[in-house]
């Protein structure tokens, strides 16, 4: 194993490390988003059960935020899966 073999192994190791970091980062984004969605949903339910005009208005705003968060996660998931499918080493 010459110098080129060592360099090749180092580059493969670096690529594997970066792929793992990318997957871990994506997993953190997804879990954080799901937690935020759950918290928003629970707060919306609490506000709706209060039944006041102000709480219903606030719940409507939170519902819009929840829908935005869901769209954002869907977009990120689609972008991540496209990037993963394009990488021949990820299969």
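Readers should treat all values here as calculations from the given coordinates under stated rules, not as data from a laboratory. The structure presented is a predicted model; accordingly, all values stated were derived computationally and were not measured. Reconstructed Cβ throughout: ideal geometry from the backbone, glycine too, with neighbour counts over all protein chains shown.
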Practice prompt. With runs of 4+ DSSP H residues as the only contributors, calculate the mean residue ellipticity of the chain at 222 nm using -39,500 (n - 2.57) per run, divided by the residue total and rounded to the nearest 500.
Written response: -33500 deg cm²/dmol
Item to complete: Take every Cα pair under 8 Å in the chain that's 6+ residues apart, average their separations, divide by the length, and report that relative contact order as a whole percent.
Response: 23
Response to the item:
residue 71 and residue 6 label points (each 7 Å along its Cα→Cβ direction) are spaced in nm at 5.4
Worksheet item: What is the Cα centroid distance between region 33-76 and region 1-24, reported in whole angstrom?
Response: 43
Worksheet entry | residue 16/residue 61 FRET efficiency (R0 41 Å; Cβ-Cβ; nearest 0.05) | 0.40
Worksheet item: Say each of residue 36 and residue 79 gets a label point 7 Å from the Cα, pointing the same way as Cα to Cβ; how far apart are those two points in nm?
Response: 1.3
Worksheet item: Helix 53-86 versus the longest principal axis of the chain: what angle, 0 to 90°, nearest 10, using Cα atoms?
Response: 20
Worksheet item: In nm, what is the difference between 0.36 nm times the number of residues separating residue 48 and residue 25 and their Cα-Cα distance?
Response: 4.8 nm
Worksheet entry | In degrees, nearest ten, helix 3-50 long axis to first principal axis of the chain (Cα) | 10
